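These notes concern the structure reproduced below.
The values are calculated or read from the model by the stated rules, or taken from the named source; none is laboratory data. The shown structure was predicted, so the numbers you read here are calculated from the model rather than taken from an experiment. When we count neighbours, we look across all protein chains shown, and the Cβ atoms used for this are built from the backbone with ideal geometry, even at glycine. Ligands, DNA and RNA are stripped out before the accessible areas are found, and what is left, the full protein with its side chains, is counted by its heavy atoms. Shrake-Rupley method; radii C 1.70, N 1.55, O 1.52, S 1.80 Å.
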Amino acid sequence: LKPLAAVAALVAAIAATALTPVEAKTFRLSHNTNDSTTWQKGAEKFNELLKEKSGGEMDVRIFPMAQLTGGDQMKQAEMVGRGALDFVVTSAINVTPLVPEMAVFSLPYLYSGYDDVDATTSGEPGKKMEEIMAEHGIVVLAWGENGFREVTNNVHPVKTPDDMKGLKMRVAGPMYIDVMNALGANPQQMQWTETFSALQQGVVDGQENPIGAVIIPQRVYEVQKYLTTWHYSYDPIFVGVSEKLWNSWDDKTKEMVRSAAEEAMDYQKTITREDTAKGIDFLKEKGMEIYQPSDAEIDAFREATKPAFDTWAKKVGPDLVGLFQETIDAG
Ligand code: X2X
(Lines give C-alpha, C1' and ligand atoms only; values in the text may rest on other atoms or scores of the structure.)
Protein backbone atom coordinates (compact mmCIF):
# COMPACT_ATOMS: atom_id res chain seq x y z
CA LEU A 1 0.00 0.00 0.00
CA LYS A 2 2.90 2.29 0.66
CA PRO A 3 3.84 3.06 -2.98
CA LEU A 4 0.19 3.66 -3.76
CA ALA A 5 -0.09 6.16 -0.93
CA ALA A 6 3.00 7.92 -2.22
CA VAL A 7 1.50 8.15 -5.70
CA ALA A 8 -1.74 9.46 -4.27
CA ALA A 9 0.14 12.12 -2.32
CA LEU A 10 2.02 13.13 -5.45
CA VAL A 11 -1.17 13.36 -7.48
CA ALA A 12 -2.71 15.50 -4.77
CA ALA A 13 0.32 17.75 -4.71
CA ILE A 14 0.24 18.20 -8.49
CA ALA A 15 -3.48 18.94 -8.42
CA ALA A 16 -2.93 21.54 -5.73
CA THR A 17 -0.24 23.31 -7.78
CA ALA A 18 -2.46 23.25 -10.82
CA LEU A 19 -5.23 24.85 -8.86
CA THR A 20 -3.07 27.59 -7.39
CA PRO A 21 -3.69 30.59 -9.63
CA VAL A 22 -0.47 31.91 -11.18
CA GLU A 23 0.03 35.57 -10.41
CA ALA A 24 0.31 37.22 -13.77
CA LYS A 25 2.76 40.08 -13.74
CA THR A 26 2.04 42.94 -16.10
CA PHE A 27 4.93 45.24 -16.95
CA ARG A 28 4.75 48.69 -18.49
CA LEU A 29 6.24 49.27 -21.94
CA SER A 30 6.58 52.78 -23.36
CA HIS A 31 7.16 53.78 -26.99
CA ASN A 32 6.88 57.11 -28.75
CA THR A 33 5.01 56.53 -31.99
CA ASN A 34 1.27 55.94 -32.41
CA ASP A 35 -0.53 52.62 -32.26
CA SER A 36 -0.43 51.89 -36.00
CA THR A 37 3.34 51.85 -36.51
CA THR A 38 5.62 48.84 -36.78
CA TRP A 39 7.05 49.92 -33.40
CA GLN A 40 3.63 49.17 -31.93
CA LYS A 41 3.36 45.90 -33.88
CA GLY A 42 6.78 44.85 -32.58
CA ALA A 43 5.71 45.68 -29.03
CA GLU A 44 2.47 43.71 -29.48
CA LYS A 45 4.42 40.73 -30.79
CA PHE A 46 6.72 40.96 -27.77
CA ASN A 47 3.69 40.92 -25.47
CA GLU A 48 2.21 37.87 -27.25
CA LEU A 49 5.47 35.95 -27.09
CA LEU A 50 6.12 36.86 -23.47
CA LYS A 51 2.67 35.64 -22.49
CA GLU A 52 3.09 32.45 -24.45
CA LYS A 53 6.59 31.62 -23.24
CA SER A 54 5.81 32.38 -19.59
CA GLY A 55 2.59 30.34 -19.61
CA GLY A 56 0.61 33.49 -18.91
CA GLU A 57 2.75 34.63 -16.00
CA MET A 58 4.21 37.71 -17.71
CA ASP A 59 2.94 40.27 -20.15
CA VAL A 60 3.30 43.94 -21.02
CA ARG A 61 0.85 46.80 -21.22
CA ILE A 62 1.86 49.03 -24.12
CA PHE A 63 1.74 52.82 -23.80
CA PRO A 64 2.21 54.51 -27.21
CA MET A 65 2.92 58.21 -27.96
CA ALA A 66 5.28 58.50 -24.99
CA GLN A 67 2.20 58.85 -22.77
CA LEU A 68 4.12 57.88 -19.65
CA THR A 69 6.60 60.72 -20.09
CA GLY A 70 4.06 63.37 -21.06
CA GLY A 71 4.98 63.05 -24.73
CA ASP A 72 8.70 63.50 -24.08
CA GLN A 73 10.36 60.90 -26.29
CA MET A 74 13.85 61.54 -24.89
CA LYS A 75 12.79 60.92 -21.30
CA GLN A 76 11.75 57.30 -21.74
CA ALA A 77 15.27 55.88 -21.73
CA GLU A 78 16.20 57.87 -18.66
CA MET A 79 13.15 56.51 -16.81
CA VAL A 80 14.04 52.94 -17.73
CA GLY A 81 17.61 53.59 -16.60
CA ARG A 82 16.36 54.72 -13.19
CA GLY A 83 14.05 51.73 -12.91
CA ALA A 84 10.95 53.95 -12.99
CA LEU A 85 9.72 52.24 -16.15
CA ASP A 86 10.00 48.53 -17.02
CA PHE A 87 10.38 48.35 -20.79
CA VAL A 88 10.93 50.74 -23.66
CA VAL A 89 10.81 50.42 -27.42
CA THR A 90 12.52 53.46 -28.83
CA SER A 91 15.03 54.51 -31.43
CA ALA A 92 18.70 55.32 -31.04
CA ILE A 93 18.41 59.04 -31.66
CA ASN A 94 16.04 59.42 -28.70
CA VAL A 95 18.64 58.02 -26.34
CA THR A 96 21.45 60.37 -27.38
CA PRO A 97 20.83 62.99 -24.64
CA LEU A 98 21.44 60.22 -22.07
CA VAL A 99 23.95 58.14 -24.05
CA PRO A 100 25.68 60.26 -26.72
CA GLU A 101 27.41 57.15 -28.12
CA MET A 102 24.03 55.99 -29.46
CA ALA A 103 24.39 58.64 -32.17
CA VAL A 104 26.93 56.39 -33.87
CA PHE A 105 24.20 54.45 -35.67
CA SER A 106 22.74 57.58 -37.21
CA LEU A 107 25.91 59.37 -38.34
CA PRO A 108 25.09 60.78 -41.78
CA TYR A 109 25.81 58.24 -44.51
CA LEU A 110 27.57 55.76 -42.23
CA TYR A 111 25.59 52.92 -43.83
CA SER A 112 24.90 52.24 -47.49
CA GLY A 113 22.28 49.53 -47.03
CA TYR A 114 20.62 46.87 -44.89
CA ASP A 115 23.60 44.48 -45.12
CA ASP A 116 25.80 47.09 -43.46
CA VAL A 117 23.19 47.64 -40.78
CA ASP A 118 22.72 43.94 -40.02
CA ALA A 119 26.48 43.34 -39.85
CA THR A 120 26.75 45.93 -37.06
CA THR A 121 23.62 45.17 -35.03
CA SER A 122 24.33 41.43 -35.03
CA GLY A 123 28.10 41.79 -34.56
CA GLU A 124 30.70 43.35 -32.26
CA PRO A 125 29.35 46.92 -32.62
CA GLY A 126 25.91 45.83 -31.37
CA LYS A 127 27.50 44.09 -28.37
CA LYS A 128 29.63 47.12 -27.60
CA MET A 129 26.54 49.36 -27.64
CA GLU A 130 24.74 46.92 -25.32
CA GLU A 131 27.64 47.26 -22.85
CA ILE A 132 27.49 51.04 -23.03
CA MET A 133 23.72 51.07 -22.51
CA ALA A 134 24.05 48.73 -19.51
CA GLU A 135 26.29 51.34 -17.87
CA HIS A 136 23.20 53.56 -17.91
CA GLY A 137 20.92 50.96 -16.35
CA ILE A 138 19.30 49.82 -19.61
CA VAL A 139 19.58 46.23 -20.81
CA VAL A 140 19.13 46.10 -24.59
CA LEU A 141 17.34 42.84 -25.36
CA ALA A 142 17.13 43.08 -29.15
CA TRP A 143 17.59 45.48 -32.04
CA GLY A 144 14.75 46.31 -34.42
CA GLU A 145 14.30 48.93 -37.09
CA ASN A 146 13.03 52.43 -37.48
CA GLY A 147 14.93 52.61 -40.76
CA PHE A 148 16.65 54.92 -43.22
CA ARG A 149 15.28 58.37 -42.63
CA GLU A 150 13.94 60.16 -45.73
CA VAL A 151 13.24 63.85 -46.02
CA THR A 152 9.82 65.35 -46.77
CA ASN A 153 8.65 68.94 -47.14
CA ASN A 154 5.92 71.15 -48.54
CA VAL A 155 7.95 73.76 -50.42
CA HIS A 156 9.69 72.09 -53.36
CA PRO A 157 11.38 68.84 -54.41
CA VAL A 158 14.77 68.33 -52.75
CA LYS A 159 17.28 67.20 -55.37
CA THR A 160 20.51 68.85 -54.23
CA PRO A 161 21.89 70.06 -50.89
CA ASP A 162 21.06 73.61 -52.01
CA ASP A 163 17.38 72.75 -52.07
CA MET A 164 17.52 72.32 -48.28
CA LYS A 165 18.55 75.93 -47.75
CA GLY A 166 16.14 77.87 -45.59
CA LEU A 167 13.65 75.02 -45.14
CA LYS A 168 12.13 74.97 -41.66
CA MET A 169 12.77 71.40 -40.57
CA ARG A 170 11.44 69.53 -37.58
CA VAL A 171 14.04 67.11 -36.20
CA ALA A 172 14.01 64.60 -33.34
CA GLY A 173 17.45 64.91 -31.83
CA PRO A 174 20.49 67.11 -31.42
CA MET A 175 22.65 65.43 -34.05
CA TYR A 176 20.07 66.14 -36.72
CA ILE A 177 20.17 69.83 -35.78
CA ASP A 178 23.83 69.86 -36.79
CA VAL A 179 23.15 67.93 -39.99
CA MET A 180 20.39 70.34 -41.00
CA ASN A 181 22.57 73.32 -40.17
CA ALA A 182 25.33 71.88 -42.35
CA LEU A 183 22.82 71.86 -45.20
CA GLY A 184 21.74 75.44 -44.54
CA ALA A 185 18.27 74.43 -43.39
CA ASN A 186 16.50 75.97 -40.43
CA PRO A 187 16.05 73.10 -37.95
CA GLN A 188 14.12 72.89 -34.73
CA GLN A 189 13.84 70.05 -32.25
CA MET A 190 10.27 68.99 -31.61
CA GLN A 191 8.49 66.02 -30.04
CA TRP A 192 7.18 63.57 -32.60
CA THR A 193 3.75 63.73 -30.96
CA GLU A 194 3.54 67.44 -31.89
CA THR A 195 4.94 67.15 -35.39
CA PHE A 196 1.87 66.21 -37.43
CA SER A 197 -0.03 69.33 -36.43
CA ALA A 198 3.09 71.48 -36.80
CA LEU A 199 3.36 70.27 -40.41
CA GLN A 200 -0.35 70.71 -40.99
CA GLN A 201 -0.31 74.28 -39.68
CA GLY A 202 2.88 75.18 -41.51
CA VAL A 203 4.85 75.84 -38.32
CA VAL A 204 7.56 73.81 -40.07
CA ASP A 205 8.01 73.00 -43.77
CA GLY A 206 9.35 69.52 -43.43
CA GLN A 207 10.58 66.58 -41.38
CA GLU A 208 12.55 63.39 -41.88
CA ASN A 209 11.50 59.86 -40.94
CA PRO A 210 11.60 56.29 -42.24
CA ILE A 211 8.93 55.33 -44.80
CA GLY A 212 7.74 51.93 -43.54
CA ALA A 213 7.96 52.41 -39.80
CA VAL A 214 6.62 55.96 -39.52
CA ILE A 215 5.77 58.02 -42.64
CA ILE A 216 3.10 55.59 -43.90
CA PRO A 217 1.47 54.41 -40.65
CA GLN A 218 1.42 57.92 -39.22
CA ARG A 219 0.01 59.35 -42.48
CA VAL A 220 2.69 61.97 -42.95
CA TYR A 221 1.70 61.97 -46.65
CA GLU A 222 -1.52 63.77 -45.71
CA VAL A 223 0.44 66.86 -44.69
CA GLN A 224 3.57 66.64 -46.89
CA LYS A 225 3.94 66.92 -50.65
CA TYR A 226 7.58 66.10 -51.52
CA LEU A 227 9.76 63.18 -50.46
CA THR A 228 13.38 62.51 -51.35
CA THR A 229 14.92 59.07 -50.73
CA TRP A 230 18.27 60.43 -49.65
CA HIS A 231 18.86 57.65 -47.02
CA TYR A 232 20.92 60.14 -45.02
CA SER A 233 20.71 58.51 -41.62
CA TYR A 234 19.81 55.11 -40.26
CA ASP A 235 17.92 54.77 -37.00
CA PRO A 236 17.56 51.41 -35.20
CA ILE A 237 15.00 50.73 -32.49
CA PHE A 238 15.49 48.35 -29.59
CA VAL A 239 13.61 46.66 -26.77
CA GLY A 240 15.20 47.76 -23.52
CA VAL A 241 14.45 46.68 -19.97
CA SER A 242 15.42 48.34 -16.73
CA GLU A 243 18.53 46.71 -15.29
CA LYS A 244 16.91 46.65 -11.85
CA LEU A 245 14.05 44.53 -13.13
CA TRP A 246 16.42 42.39 -15.20
CA ASN A 247 18.57 41.63 -12.18
CA SER A 248 15.52 40.49 -10.22
CA TRP A 249 15.06 37.55 -12.61
CA ASP A 250 16.72 34.14 -12.62
CA ASP A 251 18.66 32.96 -15.68
CA LYS A 252 15.73 31.02 -17.09
CA THR A 253 13.45 34.05 -16.98
CA LYS A 254 16.15 36.27 -18.49
CA GLU A 255 16.61 33.80 -21.35
CA MET A 256 12.85 33.68 -21.95
CA VAL A 257 12.42 37.46 -21.97
CA ARG A 258 15.40 37.90 -24.28
CA SER A 259 14.19 35.31 -26.76
CA ALA A 260 10.71 36.90 -26.82
CA ALA A 261 12.30 40.29 -27.56
CA GLU A 262 14.57 38.85 -30.26
CA GLU A 263 11.73 37.10 -32.07
CA ALA A 264 9.55 40.20 -31.79
CA MET A 265 12.24 42.47 -33.24
CA ASP A 266 13.02 40.01 -36.06
CA TYR A 267 9.36 40.17 -36.96
CA GLN A 268 9.30 43.95 -36.60
CA LYS A 269 12.33 44.35 -38.85
CA THR A 270 10.82 42.09 -41.51
CA ILE A 271 7.50 43.94 -41.72
CA THR A 272 9.26 47.31 -41.63
CA ARG A 273 11.44 46.37 -44.62
CA GLU A 274 8.42 44.97 -46.49
CA ASP A 275 6.37 48.10 -45.87
CA THR A 276 9.30 50.29 -46.90
CA ALA A 277 9.81 48.35 -50.16
CA LYS A 278 6.13 48.80 -51.08
CA GLY A 279 6.10 52.31 -49.72
CA ILE A 280 7.17 54.42 -52.69
CA ASP A 281 4.26 53.21 -54.85
CA PHE A 282 1.85 53.70 -51.98
CA LEU A 283 3.03 57.25 -51.34
CA LYS A 284 2.75 58.13 -55.05
CA GLU A 285 -0.84 56.86 -55.01
CA LYS A 286 -1.45 59.13 -52.05
CA GLY A 287 -0.28 62.09 -54.12
CA MET A 288 3.27 62.57 -52.91
CA GLU A 289 5.92 63.59 -55.40
CA ILE A 290 8.90 61.30 -54.88
CA TYR A 291 12.45 62.09 -55.89
CA GLN A 292 14.96 59.22 -55.91
CA PRO A 293 18.46 60.69 -56.17
CA SER A 294 21.18 58.92 -58.17
CA ASP A 295 24.39 57.71 -56.49
CA ALA A 296 26.17 60.86 -57.65
CA GLU A 297 23.43 63.04 -56.20
CA ILE A 298 23.65 61.09 -52.92
CA ASP A 299 27.41 61.81 -52.89
CA ALA A 300 26.63 65.52 -52.90
CA PHE A 301 24.48 65.11 -49.78
CA ARG A 302 27.20 62.99 -48.15
CA GLU A 303 29.74 65.70 -48.87
CA ALA A 304 27.51 68.49 -47.58
CA THR A 305 26.74 66.68 -44.30
CA LYS A 306 30.37 65.76 -43.62
CA PRO A 307 30.93 68.57 -41.05
CA ALA A 308 28.11 67.12 -38.91
CA PHE A 309 29.57 63.63 -39.30
CA ASP A 310 32.94 64.87 -38.07
CA THR A 311 31.50 66.78 -35.11
CA TRP A 312 29.48 63.79 -33.96
CA ALA A 313 32.19 61.23 -34.65
CA LYS A 314 34.23 63.17 -32.09
CA LYS A 315 31.38 63.17 -29.55
CA VAL A 316 30.76 59.46 -30.06
CA GLY A 317 34.47 58.64 -29.92
CA PRO A 318 36.78 57.62 -32.77
CA ASP A 319 37.25 54.06 -31.44
CA LEU A 320 33.54 53.35 -31.54
CA VAL A 321 33.11 54.92 -34.98
CA GLY A 322 36.14 52.91 -36.14
CA LEU A 323 34.60 49.67 -34.86
CA PHE A 324 31.43 50.38 -36.84
CA GLN A 325 33.33 51.33 -39.97
CA GLU A 326 35.60 48.28 -39.84
CA THR A 327 32.60 45.98 -39.47
CA ILE A 328 30.87 47.66 -42.39
CA ASP A 329 34.01 47.52 -44.57
CA ALA A 330 34.54 43.83 -43.77
CA GLY A 331 31.03 42.95 -44.99
O1 X2X B 1 10.64 61.42 -33.64
C2 X2X B 1 10.92 60.79 -34.65
O3 X2X B 1 11.23 61.35 -35.70
C4 X2X B 1 10.93 59.30 -34.59
C5 X2X B 1 9.53 58.78 -34.41
O6 X2X B 1 11.48 58.74 -35.72
C7 X2X B 1 11.77 58.95 -33.46
O8 X2X B 1 11.34 58.54 -32.43
C9 X2X B 1 13.20 59.25 -33.62
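Within the option set GLU326, GLU297, being touching a strand residue (DSSP E or B) at 6+ places or on another chain (Cβ under 9 Å) and charged (D, E, K, R) holds for one residue only, GLU297.
Restricting attention to segment 282-297, does a residue exist that is within 19 Å of the chain's Cα centre (by Cα) and open to solvent by less than 80 Å² (accessible area, probe 1.4 Å)? No; the residues of segment 282-297 include none that is within 19 Å of the chain's Cα centre (by Cα) and open to solvent by less than 80 Å² (accessible area, probe 1.4 Å). Looking across segment 137-163, the residues that are aliphatic (A, V, I, L, M) and farther than 20 Å from LEU283 by Cβ come down to ILE138, VAL139, VAL140, LEU141, ALA142.
Tallying residues that are free of Cβ contacts under 8 Å to residues at least 40 places away in the same chain and away from the ligand (no atom under 11 Å from the Cβ) within segment 170-195 yields 7. In this structure, does PHE238 turn out to be under 28 Å from TYR267 (Cα atoms), within 14 Å of the ligand (Cβ to nearest atom) and surrounded by fewer than 20 Cβ atoms within 10 Å (Cβ to Cβ)? No. Exactly one residue out of GLU150, GLU78, GLU130 is in contact with a strand residue (DSSP E or B) (Cβ under 7 Å, 6 or more places away or on another chain) and within 16 Å of the ligand (Cβ to nearest atom), and it is GLU150. What about GLU145, is it within 12 Å of the ligand (Cβ to nearest atom) and either open to solvent by 10 Å² or more (accessible area, probe 1.4 Å) or under 22 Å from ILE271 (Cβ atoms) (or both)? Yes.
Once segment 204-228 is narrowed to residues that are away from the ligand (no atom under 15 Å from the Cβ) and open to solvent by 10 Å² or more (accessible area, probe 1.4 Å), the residue that is farthest from GLU289 (Cα to Cα) is ASP205. Scanning segment 82-106 for residues that are surrounded by fewer than 24 Cβ atoms within 10 Å (Cβ to Cβ) and farther than 20 Å from GLN191 by Cα turns up ARG82, GLY83, ALA84, ASP86, GLU101.
Results for (1) farther than 21 Å from THR90 by Cα; (2) of a type in the set (A, V, I, L, M, F, W, C), shown as yes or no for each residue.
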position: MET180; (1), (2): yes, yes
position: ASN186; (1), (2): yes, no
position: GLN191; (1), (2): no, no
position: LEU199; (1), (2): yes, yes
position: ARG219; (1), (2): no, no
position: TYR226; (1), (2): yes, no
position: PRO236; (1), (2): no, no
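Answer yes or no as to whether THR33 is of a type outside the set (A, V, I, L, M) and either open to solvent by 20 Å² or more (accessible area, probe 1.4 Å) or within 22 Å of ARG258 (Cβ to Cβ) (or both). The answer is no for THR33. Out of VAL158, VAL171, VAL139, one residue alone is more than 30 Å from GLY202 (Cβ to Cβ) and surrounded by 21 or more Cβ atoms within 10 Å (Cβ to Cβ). It is VAL139. All of (1) away from the ligand (no atom under 15 Å from the Cβ); (2) out of contact with any strand residue (DSSP E or B) (no Cβ under 8 Å at 6 or more places or on another chain) hold for ASN94 with one exception: (1).
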